[in-house]
Amino acid sequence: MTAPPRSDKSEGYSFPADTALPGWLASLPSAWQPYAMLARLDRPAGIWLLFIPCVIGLVFQRLSGGLFLADLGWVALFFIGAVAMRGAGCTWNDITDRDFDAKVARTAQRPIPSGAVSVRDAYMFVLAQLGAAFVVWLLLPGDAKLTALLALPLVAIYPFTKRMTWWPQAWLGLTFNWGVLVGAATASLITGPVYLLYFGLALWTVAYDTIYALQDREDDALIGVRSTARLFGKRAALIAFCFHLGAAALIALAAWFNDAGRIGALAALGFLAHGAWQTMRLKASGETAALAVFKSNIWAGAIVAAGFLIAALIPERAPKTIFAQPELVPPVRSQSVDLPFGLELRRKPAPEPDVWLARDIRRAMEIRGLDPDAAETTPER
């Protein structure tokens, strides 16, 4: 692949051969162009692949209680955080890989190996992007804050895994899908099915990043960089599909445990069908189609997110039966427990189940003084 023609605004700077938006880059001020490339803003596929797991985790934990108007705000924060953290991670990756990038034709014109950005300025840019991510972090709930912090070691270590192991894609899977846990913690709690979903999406990342690494297999072999694409050799496309298969199985299992119903099962099947299509295209077109197939994984993730979103909006009805169901009367629990010396321990009342927008509407009514029950529930001072 040849590098895109240089723009008059770029002042002699050649864009990398793997940029996806050379026209957009050329429209930016010349001083901004290298930093936009450091943050991979000209290659937005990675932003979507980091953002979609956050949405999946959020709607996955809304399956039982329904969605809320506030979730639109969380989704917006997740997107801003994905842009900032993906940019910071890519800049950090370019700092640590600058010697390797200079030896690979596809990456030799990236800002640091080409000299367009100094290493010192790149470090400052990392801090600036982390500052933007910190603002997003401040707005998250407490549990989500702690969960998000635990991702930082994964991001910091990732660039070095390709020097130590043949499985850097597995580490990337754990890193890139951490948003599932953050989204779940934002919605409610991180439960067992959430972990199943997380590891399922991590297998998905191994599949699509193996496909992405097919582009650099020869150059990686020359400079000693390890990857699953090199490890799997000629069977890389087939083994990548095996990871798609494992991912679909874990997604389906997590959906079953979390009562996603038939819609969740259909989402897992649609995800698997997309993985099969990726394998067939790679088999037909070879490594020349690797980049396009990699980018198509945005739609694979969107299938899962859309499936869980629909399942949260349209809960499945209970199956009909001609047999009478036994009527179970829940035991009446006393609201207080007597203790010695005349003391009394009162139980906290059970929370009412949430439904679509109900909580937000209730709060709005209380603020405006329209809720007739608000006075009754307000504790006396």
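The values are calculated or read from the model by the stated rules, or taken from the named source; none is laboratory data. Since this is a predicted model, take the numbers as computed values, not measurements. Cβ placement follows ideal geometry from the backbone for every residue including glycine, while neighbour counts extend to all protein chains displayed.
Any idea which of (1) farther than 19 Å from A39 by Cα; (2) touching a Phe, Trp or Tyr at 6+ places or on another chain (Cβ under 7 Å) is the one W166 doesn't satisfy?
Going through (1) farther than 19 Å from A39 by Cα; (2) touching a Phe, Trp or Tyr at 6+ places or on another chain (Cβ under 7 Å) one by one, W166 breaks only (2).
Which residues, counting only those in region 204-215, are farther than 15 Å from G46 by Cα and buried (at least 22 other Cβ atoms within 10 Å of the Cβ)?
Looking only at region 204-215, we keep the residues that are farther than 15 Å from G46 by Cα, and these are 214-215.
If the condition is that a residue be farther than 15 Å from G46 by Cα and buried (at least 22 other Cβ atoms within 10 Å of the Cβ), then L214 is the only one that fits.
I'd like the full set of residues that are at pLDDT below 95 and in contact with a Phe, Trp or Tyr (Cβ under 8 Å, 6 or more places away or on another chain), limited to region 63-88.
Hits for region 63-88 are L63, G66, L67, F68.
Looking at L189, L231, L181, L214, can you tell me which residue is in a helix (DSSP H, G or I) and more than 17 Å from K162 (Cα to Cα)?
Details: L189 fails: in a helix (DSSP H, G or I); L231 fails: more than 17 Å from K162 (Cα to Cα); L214 fails: more than 17 Å from K162 (Cα to Cα).
None of the other options fit; the residue is L181.
Do you know which residues across region 150-163 are assigned to a helix (DSSP H, G or I) and touching a residue at least 12 places away in the same chain (Cβ under 8 Å)?
The first filter runs over region 150-163 and keeps only residues assigned to a helix (DSSP H, G or I), leaving 152-163.
Within region 150-163, L154, V155, A156, I157, Y158, P159, F160, K162, R163 qualify.
Inspect region 220-229 for any residue being under 30 Å from S64 (Cα atoms) and among the polar types (S, T, N, Q) and give the result as yes or no. Before the answer, list the steps.
We begin by selecting, within region 220-229, every residue under 30 Å from S64 (Cα atoms); these are none.
No, the conditions are met nowhere in region 220-229.
Taking the residues in region 109-132 that are among the small types (G, A, S) and in contact (Cβ under 8 Å) with a residue 24 or more places away in the chain as candidates, determine which candidate is surrounded by the most Cβ atoms within 10 Å (Cβ to Cβ). Write out each step before concluding.
Our first condition is that a residue be among the small types (G, A, S); within region 109-132, this holds for 114-116, 118, 122, 128, 131-132.
Still in the list and also in contact (Cβ under 8 Å) with a residue 24 or more places away in the chain: 114, 116, 122, 132.
Numbers: S114: 19, A116: 21, A122: 19, A132: 16.
Per the criteria, the residue is A116.
Restricting the search to region 94-116, which residues are over 29 Å from the mean Cα position of the chain (by Cα) and hydrophobic (A, V, I, L, M, F, W, C)?
A102, A105, A116
Just give me the residues in region 109-141 being over 16 Å from G81 (Cα atoms) and in a helix (DSSP H, G or I), in sequence order. Don't jump to the end; show me each part of the working.
We begin by selecting, within region 109-141, every residue over 16 Å from G81 (Cα atoms); these are 109-124.
Listed by number, the residues that qualify are P111, I112, P113, S114, V119, R120, D121, A122, Y123, M124.
Report, ordered by the first and then the second residue, all pairs with beta carbons closer than 7 Å, sequence separation of six or more or different chains, a first member in region 213-240 that is within 13 Å of K283 (Cα to Cα), and a second member that is small (G, A, S) and at pLDDT 90 or above.
Sorted first by the residue in region 213-240, then by its partner, the pairs are L214/A229; L214/A236; L214/A290; A236/A229; A240/A207.
For (1) of a type in the set (A, V, I, L, M); (2) over 24 Å from F60 (Cα atoms), each residue gets a yes or a no:
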site	(1), (2)
W256	no, no
L266	yes, no
G270	no, no
G275	no, no
Q278	no, yes
R281	no, yes
A284	yes, yes
A290	yes, yes
N297	no, no
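Please work out if A76 is part of a helix (DSSP H, G or I), among the hydrophobic types (A, V, I, L, M, F, W, C) and either within 30 Å of S118 (Cα to Cα) or over 19 Å from the mean Cα position of the chain (by Cα) (or both). Reasoning before the result, please.
Details: part of a helix (DSSP H, G or I): yes; among the hydrophobic types (A, V, I, L, M, F, W, C): yes; either within 30 Å of S118 (Cα to Cα) or over 19 Å from the mean Cα position of the chain (by Cα) (or both): no.
Spelling it out, it is not the case that A76 is part of a helix (DSSP H, G or I), among the hydrophobic types (A, V, I, L, M, F, W, C) and either within 30 Å of S118 (Cα to Cα) or over 19 Å from the mean Cα position of the chain (by Cα) (or both).
Give the residues of region 94-144 that are β-branched (V, I, T) and either touching an Asp or Glu at 6+ places or on another chain (Cβ under 6 Å) or more than 30 Å from W74 (Cβ to Cβ) (or both), sorted by residue number. Outline the logic, then answer.
Initial filter on region 94-144 (β-branched (V, I, T)): 95-96, 104, 107, 112, 117, 119, 126, 135-136.
Answer for region 94-144, where residues must be β-branched (V, I, T) and either touching an Asp or Glu at 6+ places or on another chain (Cβ under 6 Å) or more than 30 Å from W74 (Cβ to Cβ) (or both): I95, T96, V104, T107, I112, V117, V119.
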